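No lab work stands behind these numbers, since they all come straight from the coordinates. None of these values were measured; they are calculated from a predicted model. Here Cβ is always computed from backbone atoms with ideal geometry, including for glycine, and neighbour counts include all displayed protein chains.
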Amino acid sequence: MQLHIKLVLEALDEIYALTHGQPYLVQLLGFQLVRRYNNFVFEQGRPRDSVFTLEDVEVVINEPGFFKQGRYYFTGVWGQAARSVEGQQAILRVLAPHTEGLSLDALAQSTNMNNADLQEALNTLKRHDVVEETQGSWRIIVELFRRWVLQQ
């Protein structure tokens, strides 16, 4: 039996918003969506449409073990931020509560870093696709990573 599962556009948009297209996280979300579907239909024997919705995505990312299952990505990015240029993890901790980001001045004040060191750390994080600067605000690019940092 071939099963064809579809995602509604809102679910696809949310997956991209949460992962910023990071392959490991996209695959993890897809795997968890299919696992949830299989559990519901085949293990519990309950009927269900084979279309994944925004609600399905929300349920999967809010499951208690989701961030543990993605630990290789999250701890990998976090560990990388501990190497080479100092201050990267401090910046991530400061940025995590701010979904819209913070200005360079606010970051400098919150991290107690001088502008040269702060800019070097931000440039390193940017080069590794961890943060971006848009209209004068720096923010964490991958929403799931931002949420993980908040839990640490």
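A straight line joining the Cα centroids of region 5-66 and region 116-152 runs 26 Å. About its Cα centre, the chain has a charge dipole of approximately 540 debye under the convention of +1 per Lys or Arg Cβ and -1 per Asp or Glu Cβ, with nothing else charged.
Here the Karplus relation 6.51 cos²θ - 1.76 cosθ + 1.60, evaluated at θ = phi - 60°, turns the backbone of region 106-123 into coupling constants of 5, 5, 4, 5, 6, 9, 6, 9, 6, 4, 5, 5, 4, 5, 5, 5, 4, 4 Hz, with x for every Gly and Pro. Rounded, prolate or oblate: which one fits region 71-125, using the alpha carbon gyration tensor with axes a ≥ b ≥ c (rounded when a/c is under 1.5, else prolate when a/b beats b/c, else oblate)? Oblate shape, in that a/c is at least 1.5 and b/c is the bigger or equal ratio. In the chain, helical runs assigned H by DSSP with n ≥ 4 each contribute -39500 (n - 2.57); averaged across all residues and rounded to the nearest 500, the mean residue ellipticity at 222 nm is -16500 deg cm²/dmol. Rg then Dmax, both in Å and based on the Cα atoms of region 100-152: 11.0, 29. Within the listed set Glu63, Glu86, Glu43, the residue fluctuating most in the Gaussian network model of the chain (springs between alpha-carbon atoms under 10 angstrom) is Glu43. Going by the alpha-carbon gyration tensor, a ≥ b ≥ c the square roots of its eigenvalues, is region 11-67 rounded (a/c under 1.5) or, if a/c is not under 1.5, prolate (a/b greater than b/c) versus oblate? In terms of gyration-tensor shape, prolate. Diffusion coefficient of region 1-128 by Stokes-Einstein, Kirkwood radius over Cα pairs, 4 °C, 1.567 mPa s: 76 µm²/s. The label-point distance for Glu86 and Leu9, in a model that sets each label 7 Å from Cα toward Cβ, rounds to 5.1 nm.
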